[in-house]
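Coordinate-derived values only; no laboratory data. This one's a predicted model, so the numbers in the text were calculated from it and none came from an experiment.
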């Protein structure tokens, strides 16, 4: 693997611009389980090894089960996730894969479970992890 820049070392301020988003999300009413599912699933979709490693550790520390973490990429085929979580995961994938657009069906299904304020939290959380994923993938940041 070719060595690339480490953004946080080249320009720490460039890296820190995302911190206010994380602070906002920490103060929001976003459930820890939802936050973890978003971070892991978006990172899986994007193929971000650094973030998958980091956020699965965080999820375990927060009480997420090994089985749900291992089977997260097959969430449609199993009954380990609630209907609410499945709506969240479909929404996460749609926002992450935005070139396919977020369909009215996916949006409406998420809106069945979450009010406008919570949908706002979800959108910001998904956008934030996608930003982190893109930094880590572009710079080939290795898992720690």
Relative pair counts by distance (%), Cα atoms of region 47-87, 5 Å bins: 5, 21, 28, 25, 17, 3
Below 8 Å between Cα atoms, with a sequence gap of 6+, how large is the relative contact order for the chain in percent? 38 percent
Would you calculate the volume per residue, in Å³, of the smallest convex hull containing every Cα atom of the chain? 123 Å³
Tell me, how many Å apart are the Cα centres for region 80-122 and for region 5-76? 17 Å
Specify the angular offset, from 0 to 90 degrees and rounded to the nearest 10, of the alpha carbon long axis of helix 116-138 from the longest principal axis of the alpha carbons in the chain. 30 degrees
Between 0 and 90°, nearest 10: helix 32-46 axis offset from the chain longest Cα axis: 60 degrees
Using only Cα atoms, find the angle between the long axis of helix 104-113 and the longest principal axis of the chain, and express it within 0 to 90 degrees, rounded to the nearest 10. 80 degrees
Most mobile listed residue (130, 100, 109) in the chain, GNM with C-alpha springs under 10 Å: 100
